[in-house]
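Engineer: Before I ask anything, here is the structure I am working with.
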């Protein structure tokens, strides 16, 4: 084989696996539908209720599994909210619902943390952090949504600051708008 052809074959042999692995490394996740989010919230509530019952019966393995399932479910929801990977007819209303649910779940988890034995407290602390993250993600998504609505309100383009920039007057600087000049008074007639 000629040296140019050899180096081309070698280059293709080295680059092909690298390109293939980088192309398939990160699968694209589909957005969560509103119904899925509501289902996750309901399942999370049920998991916590079952975990409370398992804790009362002293079934630590079951308790730890339920808390772990809760953490995974809420973490999936948080990631979708952080990445704006969700669809809903009334996005803000859904986000407030997520925040309210996360707050209620945090309260239940704090109670579980106080009552749980030391060997499972790490799992409960992880679930508590997942609930906090879901709340923060929902509030951040609400903030992004409101900022977007504020900047791009009905019939507008650009940001509020760009539109208002011309109208702001700071004393001691030239006015952005031309001021009407006073009309010269006519000379007095004698």
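Engineer: Quick one: which of 79, 119, 105, 115 is under 16 Å from residue 38 (Cα atoms) and surrounded by fewer than 16 Cβ atoms within 10 Å (Cβ to Cβ)? Give the derivation first.
Structural biologist: On the way: 119 fails: under 16 Å from residue 38 (Cα atoms); 105 fails: surrounded by fewer than 16 Cβ atoms within 10 Å (Cβ to Cβ); 115 fails: under 16 Å from residue 38 (Cα atoms).
Going through 79, 119, 105, 115 in turn, just one is under 16 Å from residue 38 (Cα atoms) and surrounded by fewer than 16 Cβ atoms within 10 Å (Cβ to Cβ): 79.
Engineer: If the requirement is being out of contact with any strand residue (DSSP E or B) (no Cβ under 9 Å at 6 or more places or on another chain), at pLDDT 65 or above, surrounded by fewer than 10 Cβ atoms within 10 Å (Cβ to Cβ) and farther than 22 Å from residue 48 by Cα, which of these qualifies: 155, 172?
Structural biologist: Step by step, each of 155, 172 is checked, and only 172 is out of contact with any strand residue (DSSP E or B) (no Cβ under 9 Å at 6 or more places or on another chain), at pLDDT 65 or above, surrounded by fewer than 10 Cβ atoms within 10 Å (Cβ to Cβ) and farther than 22 Å from residue 48 by Cα.
Engineer: Report yes if residue 57 is loosely packed, with under 12 Cβ neighbours inside 10 Å, under 20 Å from residue 128 (Cα atoms) and modelled with pLDDT of 90 or more, otherwise no.
Structural biologist: Taking the combined requirement at face value, the residue does not satisfy it.
The values are calculated or read from the model by the stated rules, or taken from the named source; none is laboratory data. Just so it is clear, the model here is predicted, and its values are computed rather than measured. Neighbour counts run over all protein chains shown; Cβ positions are idealised from the backbone, glycine included.
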